Amino acid sequence: MSAQPQVIRREDYTAPAFLIDKVELVFDLDRDVTNVKSRLFIIANPVRGTGAGNEVSFDGEDMKLVSIAIDDRKLGVDEYSVDKTGLTFTAPGETFVVDIETQVSPVTNTRLEGLYVSQSAFCTQCEAEGFRRITYFPDRPDVMATFTVTINADKATCPVLLSNGNLAKSGDLDGNRHFAVWEDPFPKPSYLFALVAGDLACVEDSFKTVSGRDVALRIFVEHGNEDRCDYAMDSLKRSMKWDEEVYGLEYDLDLFNIVAVSDFNMGAMENKSLNIFNAKYILAKPDTATDMDYELIESIVAHEYFHNWSGNRVTCRDWFQLSLKEGLTVFRDQEFSADQRSRPVQRIKDVAQLRARQFPEDGGPLAHPVRPDSYMEINNFYTATVYEKGAELIRMMHTLLGADGYRKGIDLYFDRHDGQAVTCDDFAKAMEDANDVDLTQLKRWYSQAGTPSLSWKGDYDADAKQFRLTVSQKTAPTPGQPDKFALHMPIAIGLLGKDGKELVSRTVQLTENEQEFVFDNINETPVVSFNRGFSAPVNIATQQPHDELVFLMGNDSDAFNRWESAQKYATALMLAAIEEFEKNDGDADGALGDVTDFITAMRATLQNDDLDKAFRADALVLPGEEFLSEQRKPANPEAIHQVRNALRKQIGTMLKAEFADTYHQNVSNAAFTPDAQSAGQRALRATALGYLVASGDAQFADLAAAQYRNANNMTDRMAALAVLNHLDHPGRAEALADFEERFGKDTVVMDKWFGLQAMSSRDDTLARVKDLMSHPSFTMRNPNKVRSLIGAFAMANPRHFHAADGSGYEFYTDRLIELDDINPQVAARLCAPLGKWAKYDDDRAAKMKAALDRVLAKPEISRDLYEIASKSRA
Ligand code: 0A1
Ligand code: ZN
């Protein structure tokens with residue numbers, strides 16, 4: 001990068017000057033030089049009044065222009081201009097045909113945007129702006145066209161040729177080549193274009209839609225992985241059915257293809273009728289995938305499928321509207337999972353994820369609204385804010401309008417906008433019009449960044465039998481937004497009597513900075529269960545007394561708040577102890593003091609057979625080190641690590657007998673099934689094992705080693721290895737060696753092995769991570785490998801990443817600089833942890849800032865990494 005990248009602003013949006021009716025593409029596939037011919041049927045955009053003499057401007061990067069012709073006349077070099085970002089020429093009229101021939105090099109494409117090679121197959125990734133790396137084109141989502149795609153390729157290495165839509169024709173060509181022609185009848189933006197060609201195995205099934213059409217379902221994987229597609233296929237069929245039942249949305253083509261590839265920047269991609277997946281979110285069988293993997297597969301398969309309507313049939317006008325499709329689709333996949341599994345457990349997971357990923361983003365230098373106002377590189381805005389906070393916004397609309405009102409709004413949205421590229425305002429307008437409501441204030445969630453903090457105070461008037469609840473909200477300034485407005489948020493409230501009976505369950509609408517809510521006919525001082533189900537995505541500043549938290553842990557009818565009360569209690573204990581630890585110079589046990597009451601409450605949860613096992617497993621997990629760091633300023637990673645471990649040790653010691661019972665009672669001899677109930681049983685047993693080992697009693701480390709050896713599924717195997725991972729026990733080395741031997745050839749499974757070692761709290765971790773970089777299975781070119789070894793070290797090993805001598809930062813910075821030349825998108829995503837410098841002590845902050853300076857000084861830094869590093873440094 002030479003000059004500073006240009007900032008793109010939402011307010012500068014203008015409609016495209018020219019539209020494209022039809023695109024015809026012909027690919028001559030070759031690993032080194034692929035030839036792409038593109039024929040574009042262009043029409044002036046009536047809203048712009050363009051025509052002859054106006055400039056036509058196409059995006060294009062990193063390719064060779066072979067020729068351009070207009071209406072079958074080849075242009076001379078003085079009739080167009082081409083530079084590093086695109087191609088311009090003058091329109092001959094209001095409608096015309098352009099032929100463009102380009103050449104690209106798939107095998108050297110390490111950015112994995114555009115057309116590239118993964119293992120031996122060709123594949124594409126075009127969201128957000130990858131299509132411009134294939135051919136010159138108005139690469140923006142509000143230009144929608146029908147595509148006809150011809151693929152010519154070598155028959156032996158590419159027997160499978162796929163693109164969007166329906167297969168129209170196929171046949172042989174000279175020179176051992178063959179071709180296929182695909183036609184997609186639905187107009188789509190270029191970001192939804194996809195092509196795959198390679199020697200892939202296919203697993204087939206079918207689905208009958210509600211109106212009786214048969215849809216062929218195919219999953220393409222590398223040969224040898226055919227037996228790992230069952231769960232993805234089953235998830236796909238359940239998603240199709242759920243969308244018909246809950247949203248009234250039916251699939252619209254006769255074919256739905258999924259391809260799993262090993263090299264992929266993100267989780268998966270919703271290309272029309274040809275979803276491309278990171279293989280890790282498709283492949284699963286009991287001895288290679290954990291329960292968590294199964295869960296993720298189910299939700300990501302659903303997410304991509306749901307995009308067929310929320311994203312593809314109705315898409316985004318511009319990339320500032322990204323949450324229009326992503327927030328809505330995340331909400332849809334969360335609700336799907338809640339319906340397939342346990343609703344409270346799903347909500348707990350979603351909230352834990354929001355807190356771990358989105359809240360820190362919203363409170364740091366990269367904070368941005370759900371609908372951002374500007375960007376340098378759009379790839380940097382596929383964030384937890386756009387996705388997960390965006391989903392919370394939709395969830396609040398759902399809460400406000402009720403299930404029926406929400407559905408009316410959804411129906412109107414799809415009726416009104418089918419086939420269009422629209423905005424978040426259009427979505428909200430459909431919700432308003434269908435329900436005759438005004439969502440002006442709720443819409444502020446689209447534009448205002450930062451996590452609101454709520455405080456509340458209860459006041460009981462025994463004479464009037466009235467309970468008054470005063471609630472106030474405040475949002476701290478974020479970069480570029482010093483002043484904040486009051487937001488509208490639904491707050492679900494429960495009031496409980498002393499005997500645990502629910503006196504009131506009501507959702508109030510908070511719209512003011514401070515507001516009072518009055519509850520009548522209350523006969524006793526109630527205990528407040530606030531923000532049930534996390535009805536608003538906020539922080540709660542008010543600390544409830546410990547005895548009330550214990551009461552809620554045992555009595556709240558809202559399962560989410562039972563969990564939440566345990567988290568709050570544990571957080572309060574640990575934060576107090578961390579402060580004490582810093583004063584008493586490192587005695588974590590002394591700092592914790594007497595934690596018997598808390599542990600007694602944990603015992604009650606553990607032994608409450610009325611609660612499902614998955615819930616109990618979650619409720620027994622202490623808030624993580626990253627979460628605790630967020631609550632402390634400066635955060636002391638060593639203190640946090642020691643205190644949390646000390647509390648785990650005390651829980652393990654005090655509840656040793658109970659955990660041992662739980663462990664032994666939950667052995668299952670049945671064959672592995674991935675259903676939620678069996679998974680819950682395994683999770684509870686794993687939690688018990690974790691605490692038993694944390695007690696420090698050596699027999700339990702032996703137990704973990706035995707569990708590893710005897711495991712007949714990956715979930716139990718990983719649970720054992722996860723606890724052994726931090727120990728000096730000989731079982732650790734044995735298990736790691738065994739794992740490598742068993743799964744060494746399996747790239748998806750080996751990611752777990754790399755990740756574990758990067759997350760170990762052992763003293764030799766950094767040295768080990770450095771060694772592992774030269775392991776034959778490791779490569780900086782594979783994003784999964786980079787994330788599991790390098791990313792996990794920074795994001796899931798605060799103790800070593802933040803080592804006081806700066807060794808963690810130094811190692812990490814070297815990797816970011818190295819990676820930027822290979823894959824800028826992934827490098828930029830990994831840069832965020834260095835941006836948290838303001839949370840740490842002066843010494844660490846100085847080292848982190850120096851690391852960012854070093855990143856910024858890199859010659860030829862990418863736009864992606866520059867944006868994140870410069871904003872983080874500010
Ligand atoms: N739209 C996809 C995610 C995705 C986004 C960007 C990508 O490359 C920059 C790739 C995939 C989804 O939400 O699943
Ligand atoms: Zn998505």
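Every read-out reported here was derived from the displayed coordinates using simple, explicitly stated rules and does not represent laboratory data. Small disclaimer: the values here were computed from a predicted structure and weren't measured. For neighbour counting, all protein chains shown are included, and Cβ atoms are generated from backbone atoms with ideal geometry for every residue, glycine included.
The table below gives the values:
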item	result
Region 569-696, relative contact order [Cα under 8 Å, separation at least 6], %	30 percent
10 Å binning of all Cα-Cα separations within region 28-179, expressed as whole percents from 0 upward	10, 37, 35, 16, 3, 0
Shape call, region 266-377: gyration tensor on alpha carbons, a/c limit 1.5	oblate
Relative packing of 169-176, 43-50, which averages over residues the other C-beta atoms within 10 Å, highest first	43-50, 169-176
Gyration tensor verdict on region 672-740 (Cα atoms; rounded if a/c is under 1.5, prolate if a/b is larger than b/c, oblate otherwise)	oblate
Antiparallel content of DSSP bridges confined to the chain, in %, to 5	80 percent
Rounded to whole Å, sorted largest first: equivalent-ellipsoid semi-axes of region 131-213, Cα gyration tensor	24, 21, 11
Base-10 log of normalised Debye intensity for region 718-874 (one unit scatterer per alpha-carbon) at q = 0.14, 0.17, 0.19 Å⁻¹	-0.69, -0.96, -1.14
Relative exposure of GLU810, GLU270, judged by other C-beta atoms within 10 Å (fewest first)	GLU810, GLU270
Signed unit charges on C-beta, dipole axis of the chain, positive-most listed residue ILE651, MET750, ASN584	ASN584
Size of electric dipole in region 555-696: Cβ of Lys, Arg +1 and of Asp, Glu -1, about Cα centre, debye, nearest 20	360 debye
Sequence-distant residues sharing a close amide H with ASN164 (under 5 Å, placed H)	ALA194
The chain: calculated mean residue ellipticity at 222 nm from DSSP helix runs of at least 4, using -39500 (n - 2.57)	-12500 deg cm²/dmol
Unsatisfied cross-links (Cα-Cα over 24 Å) in the set LYS568/LYS613; LYS443/LYS484; LYS22/LYS74; LYS37/LYS325	LYS37/LYS325
LYS656, LYS752 arranged by Cβ crowding within 10 Å, fewest neighbours leading	LYS656, LYS752
Other-chain or far-sequence residues with amide H under 5 Å of LEU173's (modelled H)	HIS178, PHE179
Convex hull volume per residue for region 569-696, taking Cα atoms only, in Å³	109 Å³
Length-normalised contact order for region 299-424 - Cα pairs under 8 Å, 6+ apart - percent	40 percent
Cα-based Rg / Dmax (Å) for region 163-259	15.3, 51
Packing-based exposure ordering (other Cβ within 10 Å, fewest first) of LYS443, LYS325	LYS443, LYS325
Quarter of Cα convex hull surface for the chain, i.e. mean projection, nm²	36.7 nm²
Average Cα contact separation per residue, region 1-198, under 8 Å, 6 or more apart, as relative contact order %	22 percent
